[in-house]
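No lab work stands behind these numbers, since they all come straight from the coordinates. Note that the structure is a prediction, hence the values are computed from the model and not measured. Note that we place each Cβ from the backbone using ideal geometry, even for glycine, and neighbour counts take in every protein chain shown.
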Amino acid sequence: MTAESPLRRYFLLLLFLGLVLVSSGCGKKPVAKVLTATAYCGCSSCCSWERGRARYLHLDFWNRYVSDGPGKGRDYTGHTASGTSPREPQEGLFSVDSIKRPYMIPVRTVLFPWYFFSEDGTIAADTRYYPFGTRMFVPGYGWGMVEDRGGAIKGPDRIDLYFDSHRDALRWGRKKVKVEIYTP
């Protein structure tokens with residue numbers, strides 16, 4: 001019996017365990033569910049904020065304040081409930097959009113290097129059913145992560161998708177879509 005024998009057995013055991021973990025699929029399987037998806041943006045009509053306080057006769061128009069709900073009168077920061085800035089999903093350089101429009105690859109790499117990596121969009125959901133960090137794939141929107149909770153988003157069958165512009169949010173409207181849900 002040589003000194004390498006226990007090391008070799010240990011290495012083969014680690015290799016076997018690694019193969020078992022890889023072949024078994026360590027991650028949870030996604031759950032496909034039909035949800036009602038609405039849209040919102042950061043504008044004053046979607047997020048209930050107004051410029052200037054009434055007690056200053058709205059002359060401090062450079063400040064934004066919450067105009068409705070339990071936080072009425074507080075400063076409006078535009079951050080989500082989890083403390084992040086909301087964003088719309090971005091496909092990375094290596095995406096379906098690059099296959100459809102290959103002429104945009106040089107433009108993206110030279111002029112917009114931050115588009116190299118993909119980024120999840122912001123989704124508002126009821127955090128009792130979908131905790132912060134839950135990833136979802138919404139057809140027509142892309143990948144998103146639950147980072148916010150909306151006032152009207154109640155129950156497991158509703159989500160709210162963030163868009164950069166009010167026009168895009170109105171264009172989305174309200175849809176029933178089959179969403180893939182990946183819980184953390």
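With only alpha-carbon atoms in the gyration tensor, what are the semi-axes of the equivalent ellipsoid for the stretch 104-184, in Å, largest first? Walk me through the numbers on the way to the answer.
Values: eigenvalues 136, 47, 24 Å².
After diagonalising the Cα gyration tensor, the semi-axes are 26, 15, 11 Å.
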Label-point gap, in nm, between Leu13 and Tyr103 - each point 7 angstrom along Cα→Cβ: 6.1 nm
